[in-house]
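I have placed the structure first, in the form of structure tokens, so that the comments after it can refer back to it.
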Amino acid sequence: MRIATWNVNSVRARTDRIIDWLGRSDVDVLAMQETKCKDEQFPYERFKEIGYEVAHVGLSQWNGVAIASRVGLDDVQIGFEDQPGFDKDPEADPVREARAIGATCGGVRVWSLYVPNGRELEDPHYAYKLDWLAKLRDDAEGWLKQDPDAQIALVGDWNVAPTDDDVWDPAFFEGKTHTSEPERAAFTAFTESGFADVVRPYTPGPGVYTYWDYTQLRFPKKQGMRIDFILGSPAFAARVEAAEIDRNERKGKGASDHAPVIVNLG
């Protein structure tokens, strides 16, 4: 079975590319982030035509996550149990954003995750990001305690580069989000809880990235970041036989600024 994650940066703008890629990649399950549409705007029929069921949550033109599967799509859950919300107005009630969706696909519990960006270190969104990651870690740790043999994949755009090897120039990111020590500690907490970065052993760095900004010719200059991950429970990690980052899908007209990340399970 092949499982992939991809921040598609607008599913409606890139439907043709996604459908074509699914046909070429032979992926069984695709987790998507930044679909940027409401549920009623998602192009379900295009996926259905090629044999994929889709679960999606989208509330506006921002955020949005989905799972497309041709090996079953059961027990769909919108958001994780303790997922926090956010509102820029501290006096307002926080809104739970469309950033997490889970489903069981071919015996694997897949979570498509779009971690908050954080914006700037002093921005309330940064504190929200750290809280969001902490709550997810606590819930995920609880899932493993409940069933140590569960096959769980936490996949998506984590908006964290956990080591200096995961960015093209560590000095460039000093004082910015994505590489701060609290963010890196929040990411490391998942591996300390039993989840493994199952892609890195097959895609060693430095210089191996999943995201390249559209500006400043970052992609041709190979100035990227590794912020898209597949973190697997022990039972899931034990099944991984290969992994890759499809850098070619970042090329050409109309590409997302992220590349798909894929694992093969035995």
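The values are calculated or read from the model by the stated rules, or taken from the named source; none is laboratory data. Owing to the predicted nature of the structure, the values given are computational and were not obtained by experimental measurement. When we count neighbours, we look across all protein chains shown, and the Cβ atoms used for this are built from the backbone with ideal geometry, even at glycine. With ligands, DNA and RNA removed, areas are computed over all heavy atoms of the protein, side chains included. Shrake-Rupley method; radii C 1.70, N 1.55, O 1.52, S 1.80 Å.
Note on ASP20: accessible area is roughly 80 Å² with a 1.4 Å probe, heavy atoms of protein only. Considering only alpha-carbon pairs that sit under 8 angstrom and 6 or more positions apart, the relative contact order computed for the range 103-153 is 40 percent.
Given the Cα-Cα distance of GLU192 and ILE78 and 0.36 nm per residue of separation, how much length would full extension add, in nm? Don't skip to the answer; put the middle values down first.
On the way: separation 114, 0.36 × 114 = 41.04 nm, distance 2.56 nm.
Length gained between GLU192 and ILE78: 38.5 nm.
Given their separation in residues at 0.36 nm each and the Cα-Cα distance between them, THR203 and GLU141 gain 19.7 nm when the chain is fully extended. Taking a sphere under 10 Å around the Cβ of GLY232 and counting the other residues whose Cβ falls inside, with K and R at +1 and D and E at -1, yields a net charge of 0. Charging the Cβ of each Asp and Glu at -1 and of each Lys and Arg at +1, and nothing else, the dipole of the chain about its Cα centre rounds to 1060 debye.
Straight-line cross-link reach from LYS36 at under 15 Å between alpha-carbon atoms covers these aspartates and glutamates, not counting any fewer than eight positions away in the same chain: GLU97, ASP157, ASP257. The mean sequence separation of alpha-carbon pairs under 8 Å and at least six residues apart, normalised by the residue count of the range 1-105, gives a relative contact order of 24 percent.
Computed over the range 109-207, relative contact order equals 33 percent, with contacts defined as Cα pairs under 8 Å that lie 6+ residues apart.
What shape does the chain have by the C-alpha gyration tensor, where a ≥ b ≥ c are the square roots of the eigenvalues, rounded means a/c under 1.5, and otherwise prolate means a/b greater than b/c and oblate the rest?
rounded
In the chain, helices alone account for a calculated mean residue ellipticity at 222 nm of -6500 deg cm²/dmol, with every DSSP H run of four or more residues adding -39,500 (n - 2.57). FRET efficiency for the GLU122 to ALA238 pair, using the beta carbon distance and R₀ = 35 Å, is estimated at 0.25. Under the membrane-span-like helix rule (DSSP H runs whose alpha carbons stretch at least 18 Å along the helix axis, mean Kyte-Doolittle hydropathy 1.0 or higher), the chain yields none.
Is the shape of the range 108-266 rounded, prolate or oblate, going by the alpha carbon gyration tensor and its root eigenvalues a ≥ b ≥ c, with a/c under 1.5 for rounded and a/b larger than b/c for prolate? Judged from the Cα gyration tensor, the range 108-266 comes out oblate (a/c at least 1.5, b/c at or above a/b).
Is the shape of the range 172-216 best called rounded, prolate or oblate, per the rule: a/c under 1.5 gives rounded, else a/b larger than b/c gives prolate, else oblate, with a ≥ b ≥ c the square roots of the Cα gyration tensor eigenvalues? Here the range 172-216 falls in the oblate category. Placing R0 at 22 angstrom, the Cβ-Cβ distance between GLU49 and LYS253 gives a FRET efficiency of 0.40 after rounding to 0.05.
Checking the Cα-Cα distances for LYS38/LYS221; LYS38/LYS145; LYS88/LYS135; LYS221/LYS253 against a 24 Å cut-off, the pairs over it are LYS38/LYS221; LYS38/LYS145.
Add +1 for every Lys or Arg and -1 for every Asp or Glu among the other residues with Cβ under 14 Å from the Cβ of ARG247, and state the total.
For residues surrounding ARG247, the net value is +1.
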